[in-house]
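What follows is a set of notes on a single structure, which appears directly below.
Just so it is clear, none of the values below were taken in a lab; they were calculated from the coordinates. Everything numeric here is computed off the predicted structure, so don't read it as measured data.
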Amino acid sequence: MNGKLEIGKEFTGKCLTVTDYHVNAFAGLTMDFNPLHVDKEYADRTRFRGRIAHGLLSLSISLGLISELIHGYFLYGFNKVRFLSPVRPGDTVCSHLRVDSKNEKGEFTLYYCTLTLKRNESTVLISEMIIGEERNNHDDSKISTGTEN
């Protein structure tokens, strides 16, 4: 686990320039071929005046850019996600995570966090995300790896 989650702690993830490849690959993976994402001529005539990335692609990118900083935890869920501004091919976005609170639930500790994705200093996505951690109630040295003699 790279970063220990504690209330008030903040993590700044990597940045990524979103490309046509990202948008088209996501469309193919999800079967979401909405012309706002894949058809330049159509998208140019809309209020967006050009192609935009899928909202869920932006959310996935925001989580991916921060994920290497929080290895050892799992995604429990999202309470709220807001897409404040479209992300377009060519935009460079950066991810940020803040730990707001925590709660014990069964064998897990749940961390309630704010995940944001920014383009320059402008927030394009904000979400309330819950990250889980299993409380260590067992002795890992007794777990079989299948390689013992």
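From the phi of every residue in segment 8-18, what ³J(HN,Hα) in whole Hz does the Karplus formula 6.51 cos²θ - 1.76 cosθ + 1.60 yield, where θ is phi - 60° and glycine or proline is x?
x, 6, 10, 10, 10, x, 6, 10, 8, 8, 6
Quick query: amide H of Thr19 versus all other amide H atoms, modeled in the peptide plane; which residues come in under 5 Å with a sequence gap of 5 or more or a different chain?
Gly90
What's the whole-number percent of alpha carbon pairs in the chain lying beyond 18 angstrom?
On the way: 6865 of 11026 pairs.
For the chain, the share of Cα pairs beyond 18 Å comes to 62 percent.
If you wrap segment 77-123's Cα atoms in a convex hull and average its projection over all directions, what's the area in nm²?
The number I arrive at for segment 77-123 is 4.2 nm².
Taking θ = phi - 60°, what integer Hz values does the Karplus form 6.51 cos²θ - 1.76 cosθ + 1.60 yield along segment 99-114, in sequence order, with x for Gly and Pro?
For segment 99-114, the Karplus-derived couplings read 8, 9, 6, 9, 8, 8, 9, x, 8, 10, 9, 10, 10, 9, 10, 10 Hz, x marking Gly and Pro.
What list of ³J(HN,Hα) values in whole Hz, one per residue of segment 123-135 in order, does the Karplus curve 6.51 cos²θ - 1.76 cosθ + 1.60 (θ = phi - 60°) give from phi, with Gly and Pro shown as x?
Here the 3J(HN,Hα) series is 6, 9, 8, 9, 9, 9, 10, 10, 10, x, 9, 6, 6 Hz.
Whose amide H sits under 5 Å from the amide H of Lys102, counting only residues 5 or more places off or on another chain, with H placed in the peptide plane?
Amide H neighbours of Lys102: Tyr112.
What lysines sit close enough to Lys118 to cross-link, taking a C-alpha to C-alpha distance under 20 Å and skipping anything fewer than 8 places away on the same chain?
Lys9, Lys14, Lys80
Under the √(5λ) rule applied to the eigenvalues of the Cα gyration tensor, what semi-axes describe the equivalent ellipsoid of segment 1-76? Give them in Å, descending.
So the three semi-axes of segment 1-76 are 32, 13, 10 Å.
Amide H to amide H under 5 Å from Val124: which residues, 5+ apart in sequence or cross-chain, H placed 1.01 Å off N in plane?
Leu117, Lys118, Arg119
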